[in-house]
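Engineer: Can you keep this structure in mind? I'll have questions shortly.
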Amino acid sequence: MPIATGQQGGASGLETDTRVAGVDIGGTGSRLRVSTGPGGKSYEIAGPPAAVVGGRSTVPDVVRNLCRGFAAEFGGRPRVAAAAVGMRGFRSLTQAGKLDPNRVHDILAEELRTSSTAVSSDAVTAHLGALGAGPGATLAVGTGAVAVACDDVGRWHLADGMGPHVGDNGGGAWIGRRGLDAAARSMDGRRMGASPGLVRAAEEHFGRREQWTSVNNVSLFAAFAPQVIAEAGNGDLACRQILDEAAQSLADGLCAVLSHPGVEPVAVTTGKLLMHAPVFRSMVLQHLLEKRADVRVQPSAGLPIDGALALARMLTAHPDVVQEHVPLLAVRIGAGPRLDDSITMPKVVLPAVRPMERLENTPRAWAVEIRSDFEWSADQVPEGDMVSSVSADAVVPLTGERLVVGRASRSRGVVPDIVCEDTGVSRRHCEIAWVEGGWSVVDLGSANGTYVAARGDALPTEPLRPGERRWLSDGDRIYVGGWTCLTTRAVTANVR
């Protein structure tokens, strides 16, 4: 049953569409907050966490129950300008087919009477709440753990946040699980067993030892982490080792996202575990600064729920700026579901390789020639489907440092730097960037992949991995969508 907190008010106080709503769904609970604006009144209701039942996530039900509990408590359904949800496990749930973000969009639109909605990973909302929309990195540690950064062109980079089975190293569940392992070793008489204090705490928390083998509740493990931290403070060597390993893992995650080009050396920590364990937080920051002495650590400006509200406000104030980002953020502006760019591909950013040698006679300018390649389309488009009859030809000068290649959406104000009319091209398909003295191309997590072939080579068969950088030479061909080919050209005069 949802629990209401905060400012009370009737339906008449919530009818205007100047308000925004934010939802935060974590490992131990959920909450919905409707805000009249920064510094204004807010109305909040709390509920249970989501779970996976029968292979499907209960996130849609949690969101619906929060909205309806809110309406019952405060006297009617609110009408908001925009709503945003940040949830734990968004990436893994969508990739595994256990969650359809469109269902969450639909529920928000129906229950909160809005046409501007965002559904995202809590990594995004934690970052927005802690650091705002500017460049920098955030470490969020609660039940799980994730490091997230936003660079100077708005690209997101993640480290960990993979869930309790393959990741979340250093998070609450990770610490709690290893604390239980140490207690079990102590009862067996094995080396590096825990102190009698932790063994007693484990029996109180998990039950008798015979029951420990059946424990698989991630939230239960996470709730044990404070006991492990407390016993480390009491001198338990096994617990100290657990915390040191956790701190190093968390610092490594921060260093990983801070290492990407365009990420400011600014770091913020957030999440319940670090908020309530200052000594453990100090250990993490000590490891971080040993690796990156240039990083500036600053206090967190807010919580993930504040980040969800900030994301909703961005939808109202700057709808053209908030771009869907696979697989961290799904955006809907308007009544209908988004038809393109399914959220199935992980966003992986790989280290850049050494650029190719530059031409001896450096050209004055570079450009890309855009044309339809019918040999390529024969392999890409199913027989009987329409292929563009346009055989050529546009020439686009490469100016600036970064140009996004994609398909435009005038209704949503999405106009990439290089526009392709090919229906197989994603809204943000790939990026051509000037890096380390040369032009390169990077796939941005497109639905159908980005393929590159050198001058004179046969058609490519393997796409770039998302985030993989490939340096370009004169005459290299970039294939996107069903029929589009972009050929890089080194020219000796400015292209008009």
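Engineer: Determine, yes or no, whether Trp174 is out of contact with any Gly (no Cβ under 9 Å at 6 or more places or on another chain) and of a type in the set (Phe, Trp, Tyr). If you could, list the steps in order and put the result at the bottom.
Structural biologist: Numbers: out of contact with any Gly (no Cβ under 9 Å at 6 or more places or on another chain): no; of a type in the set (Phe, Trp, Tyr): yes.
The answer is no for Trp174.
Engineer: Out of all the residues in region 26-52, which are over 15 Å from Val80 (Cα atoms), modelled with pLDDT under 90 and assigned to a strand (DSSP E or B)?
Structural biologist: Ile45, Val52
Engineer: For the structure I just gave you, tell me whether Gly144 is over 16 Å from the mean Cα position of the chain (by Cα) and modelled with pLDDT of 85 or more.
Structural biologist: Judged against the criteria, Gly144 is not a match.
Engineer: Moving on. Any chance you could count how many residues in region 424-452 are more than 27 Å from His318 (Cβ to Cβ) and not in a strand (DSSP E or B)?
Structural biologist: 5
Engineer: For region 117-164, give me the residue count where each residue is more than 17 Å from Pro261 (Cα to Cα), touching a residue at least 60 places away in the same chain (Cβ under 8 Å) and not aliphatic (A, V, I, L, M).
Structural biologist: Adding up the residues that qualify gives 14.
Engineer: Arg209 fails exactly one of the following numbered conditions: (1) crowded, with 22+ Cβ neighbours inside 10 Å; (2) farther than 29 Å from Ala123 by Cα. What is the number of that condition?
Structural biologist: Arg209 satisfies every listed condition except (1).
Engineer: Across region 301-322, which residue is farthest from Gly142 (Cα to Cα) among those that are in a loop (DSSP other than H, G, I, E, B) and either among the β-branched types (Val, Ile, Thr) or open to solvent by 50 Å² or more (accessible area, probe 1.4 Å) (or both)?
Structural biologist: Asp320
Engineer: Moving on to the next point. Any residue in region 84-112 that is farther than 23 Å from His165 by Cβ and among the acidic types (Asp, Glu) sitting within a Cβ distance under 7 Å of a residue that is open to solvent by 30 Å² or more (accessible area, probe 1.4 Å) and assigned to a helix (DSSP H, G or I)? List the pairs, counting only those 6 or more apart or interchain.
Structural biologist: Glu111/Arg64; Glu111/Arg68
Engineer: Let me ask something additional. Please go through region 264-287 and give me each residue that is over 15 Å from Val146 (Cβ atoms) and not in a helix (DSSP H, G or I), ordered by number. Give the derivation first.
Structural biologist: Here is the first cut: in region 264-287, the ones over 15 Å from Val146 (Cβ atoms) are 264-266, 275-283, 285-287.
Glu264, Pro265, Val266, His276, Ala277, listed by residue number.
Engineer: So, in region 215-229, of the ones that are touching a helix residue (DSSP H, G or I) at 6+ places or on another chain (Cβ under 8 Å) and either small (Gly, Ala, Ser) or in a loop (DSSP other than H, G, I, E, B) (or both), which residue ends up surrounded by the most Cβ atoms within 10 Å (Cβ to Cβ)?
Structural biologist: Filtering first and then ranking leaves Ala225.
Engineer: Can you tell me which residues in region 237-295 are in contact (Cβ under 8 Å) with a residue 24 or more places away in the chain and basic (Lys, Arg)?
Structural biologist: Lys272, Lys291, Arg292 - these are the residues of region 237-295 that are in contact (Cβ under 8 Å) with a residue 24 or more places away in the chain and basic (Lys, Arg).
Engineer: Separate question: Only one of these conditions is not met by Trp434: (1) open to solvent by less than 40 Å² (accessible area, probe 1.4 Å); (2) under 20 Å from Asp152 (Cβ atoms). Which number is it?
Structural biologist: In the conditions (1) open to solvent by less than 40 Å² (accessible area, probe 1.4 Å); (2) under 20 Å from Asp152 (Cβ atoms), Trp434 misses (1) alone.
Engineer: So, one more: Arg79: at negative phi, at pLDDT 90 or above, open to solvent by 50 Å² or more (accessible area, probe 1.4 Å) and out of contact with any Gly (no Cβ under 8 Å at 6 or more places or on another chain), yes or no?
Structural biologist: Spelling it out, it is not the case that Arg79 is at negative phi, at pLDDT 90 or above, open to solvent by 50 Å² or more (accessible area, probe 1.4 Å) and out of contact with any Gly (no Cβ under 8 Å at 6 or more places or on another chain).
Engineer: When you go through (1) surrounded by fewer than 24 Cβ atoms within 10 Å (Cβ to Cβ); (2) touching a Phe, Trp or Tyr at 6+ places or on another chain (Cβ under 9 Å) one by one for Ser120, which number turns out not to apply?
Structural biologist: The one condition Ser120 does not meet is (1).
Engineer: List the residue pairs whose Cβ atoms are under 8 Å apart, where the first residue sits in region 296-308 and is over 17 Å from Val124 (Cα atoms) and basic (Lys, Arg), the second is part of a loop (DSSP other than H, G, I, E, B) and modelled with pLDDT of 85 or more, and the two are 6 or more positions apart or on different chains.
Structural biologist: Short answer, once both residue conditions are applied: Arg296/Pro265.
Engineer: Is it the case that some residue within region 235-249 is open to solvent by 40 Å² or more (accessible area, probe 1.4 Å), modelled with pLDDT under 90 and under 15 Å from Ala201 (Cα atoms)?
Structural biologist: Taking every residue of region 235-249 in turn, none turns out to be open to solvent by 40 Å² or more (accessible area, probe 1.4 Å), modelled with pLDDT under 90 and under 15 Å from Ala201 (Cα atoms).
Engineer: Has region 444-463 got any residue that is open to solvent by less than 20 Å² (accessible area, probe 1.4 Å), touching a residue at least 40 places away in the same chain (Cβ under 8 Å) and within 13 Å of Val368 (Cβ to Cβ)?
Structural biologist: No.
Engineer: Return yes or no: is Ala408 closer than 27 Å to Asp474 by Cβ and either at pLDDT 85 or above or of a type outside the set (Val, Ile, Thr) (or both)?
Structural biologist: no
Engineer: Report whether or not Gly171 is more than 23 Å from Val331 (Cα to Cα), open to solvent by less than 10 Å² (accessible area, probe 1.4 Å) and modelled with pLDDT under 90.
Structural biologist: Details: more than 23 Å from Val331 (Cα to Cα): yes; open to solvent by less than 10 Å² (accessible area, probe 1.4 Å): yes; modelled with pLDDT under 90: no.
Spelling it out, it is not the case that Gly171 is more than 23 Å from Val331 (Cα to Cα), open to solvent by less than 10 Å² (accessible area, probe 1.4 Å) and modelled with pLDDT under 90.
Engineer: Let me ask something else. Of the residues that make up region 84-107, is at least one more than 20 Å from the chain's Cα centre (by Cα) and open to solvent by less than 20 Å² (accessible area, probe 1.4 Å)?
Structural biologist: Checked against the condition, which is being more than 20 Å from the chain's Cα centre (by Cα) and open to solvent by less than 20 Å² (accessible area, probe 1.4 Å), region 84-107 yields at least one hit.
Engineer: In contact with a Phe, Trp or Tyr (Cβ under 7 Å, 6 or more places away or on another chain) and over 30 Å from Ile333 (Cα atoms): does that describe Gly438?
Structural biologist: So Gly438 fits the description; yes.
Engineer: For Glu290, only one of the following conditions fails: (1) acidic (Asp, Glu); (2) at pLDDT 85 or above; (3) assigned to a loop (DSSP other than H, G, I, E, B). What is its number?
Structural biologist: Evaluating Glu290 over (1) acidic (Asp, Glu); (2) at pLDDT 85 or above; (3) assigned to a loop (DSSP other than H, G, I, E, B) leaves (3) as the failure.
Engineer: Mind checking which residues of region 418-431 are hydrophobic (A, V, I, L, M, F, W, C) and open to solvent by 10 Å² or more (accessible area, probe 1.4 Å)?
Structural biologist: Result: Val419, single match.
Engineer: Still on this model: Residues that are at pLDDT 80 or above, over 22 Å from Ala159 (Cα atoms) and crowded, with 16+ Cβ neighbours inside 10 Å: does region 373-381 have at least one?
Structural biologist: Yes, because at least one residue in region 373-381 is at pLDDT 80 or above, over 22 Å from Ala159 (Cα atoms) and crowded, with 16+ Cβ neighbours inside 10 Å.
The values are calculated or read from the model by the stated rules, or taken from the named source; none is laboratory data. Keep in mind that what you see is a predicted model, and the values were worked out from it rather than measured. As a convention, Cβ positions derive from the backbone with ideal geometry for all residues, glycine included, and neighbour counts pool all protein chains shown. What goes into the accessible areas is simple: the full protein's heavy atoms, side chains included, and nothing from ligands, DNA or RNA. Shrake-Rupley method; radii C 1.70, N 1.55, O 1.52, S 1.80 Å.
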